[in-house]
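As structure tokens, the structure follows; a few thoughts come after it.
Every read-out reported here was derived from the displayed coordinates using simple, explicitly stated rules and does not represent laboratory data. The model shown is predicted, which means the values in this text are computed figures rather than measured ones. Cβ sites come from the backbone with ideal geometry, for glycine too, and all protein chains shown count toward neighbours.
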Amino acid sequence: MVPVSLRSPIPKLGELPIIFLEKVLDRLDLISQLNLRKVSHDLRKVVDSRKSPIEKIWIKYGSSGISVKLDVWDKKEHRYRRHRMTLESFISILQNRKLYLQEFSIETWCDVDLGICEDCSSQGKQIRDGFNSLRHNLQVKRFRSECHEIDMMTILKKLQPGSFKEWELGCMWHGFVPLHWRIPEEITSSNQWKRLKRFYLDESTVSVPIEHLFHLDWFHVELPLASMDDLMKLRDNSHNSASFKEGWVEFCGTTLKEQAIKERLNLVPNPDPEKQELLFHGIDTSEEGLDIELWSGNIFFYKPYNP
């Protein structure tokens, strides 16, 4: 007589109910989860359906290769853990539609003085191909870019308008030579730019037309070619905007003289004895008006009572 086993066959991992797979994933570190998503299409869907613990990613590429670092929030220890990983693993992470990054940064360094070196060109293409493979936009709150134009443009187009609120744009370098670059209309006409709230321009080698700053709540820009009319437009827009909070412009102090700015912008001393270093826009000296601070080569607009 042949014995009959009453034991059920042990199910494969991919056959487990979702509730059990979630418990398995809770016990795996990030690298193990990335390896697990390679096992099957079903497991990949489960891994990518979970909210990612990754909050910050930094990429640096150039003569020394591609470096990817990221910060992962450790629930048990209540702190961030820094990880390094390959570009392939990084692209896998981007496939998660629930990924929400507080910050994404990309930076390049090229040893050649002119043109784009072969390493930068090749590595930039790998990064662009990874972003172009995405079928969704990325939720990134803050974007920091200091790289080649074509790579920055590719990434910018993949950022979700509305989620993308802050952009720090640094200089694009080739060796020790900075490139002089004007932000193109392709960017300033995009939904990503129009819904941007904060903009920090780190270098005077990049320029942006003054009218494209008017929708921002906060900005810090270097505009060595700014004219008196530009400063007047910024003053008027800052005063009239309901959402404006702070704006800082670095201009050429030898071209625009401080006394001439005071007269042309109709600036008057602050009536508050404790704010003698500040100036008021002359058309509004109310408590909810526009404060203006002026010193060598810098003009600072802000509304102290705007929440």
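The fewest-to-most ranking of Leu234, Leu36 by surrounding Cβ atoms within 10 Å reads Leu36, Leu234.
When each of Phe214, Phe90 is scored by the number of other beta-carbon atoms lying within 10 Å, the sequence from fewest to most is Phe214, Phe90. Which of the aspartates and glutamates could be linked to Lys197 by a straight reach, that is with a Cα gap under 14 Å, when you skip same-chain ones fewer than 8 residues away? Those aspartates and glutamates meeting the cut-off are Glu166, Glu168, Asp217, Glu246. Cβ crowding within 10 Å ranks Trp193, Trp295 as Trp295, Trp193, fewest other Cβ atoms first.
Structure note, pairs Lys257/Lys303; Lys60/Lys194; Lys233/Lys262; Lys141/Lys194: Cα-Cα distances above 18 angstrom occur for Lys257/Lys303; Lys60/Lys194. Within the shell defined by Cβ-Cβ distances under 11 Å, the residues around Leu156 carry a net charge of -1, with Lys and Arg each +1 and Asp and Glu each -1.
Extents of the range 16-74, largest first, come to 47, 25, 15 Å (Cα atoms, principal axes, whole angstrom).
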